[in-house]
Amino acid sequence: MGTGPAGPAGTARTGRPLLLDPTGSLDVGGWASRVDTVAVPELDTALLLRPDCYVAWQGTTGDGLHEALGTWFGAA
């Protein structure tokens, strides 16, 4: 997991999907080369942000994460 150039805000400027992960343990699987992941322990829920910063998925566990990744960003 990287923190990006300036944490989540700087990472969002890359134009890539972004997973804000409060647990530091969510796995983006086969999308790892296309989705940036940042550990943000201050959050209560994980957020998958599209490149336009709209929320594509949120959750407290990984349930539904891979489905959302497939829907928004294609096959793994």
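The values are calculated or read from the model by the stated rules, or taken from the named source; none is laboratory data. For clarity, every value in this text was computed on a predicted model and none was experimentally measured. Don't worry about glycine lacking a Cβ; one is built from the backbone with ideal geometry, like all the others, and counts go over all protein chains shown. Side chains included, ligands, DNA and RNA excluded: accessible areas come from the protein's heavy atoms. Shrake-Rupley method; radii C 1.70, N 1.55, O 1.52, S 1.80 Å.
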Inset, instruction - Evaluate the charge dipole of segment 26-76 about its Cα centre and quote only its size in Debye, nearest 20, assuming +1 on the Cβ of each Lys and Arg and -1 on the Cβ of each Asp and Glu. - result: 200
Legend entry - 1.4 Å probe accessible area per residue over segment 31-76, in Å²: 58
Legend entry - Percent carbon-and-sulfur accessible area, segment 14-76, ignoring ligands, DNA and RNA, probe 1.4 Å: 54
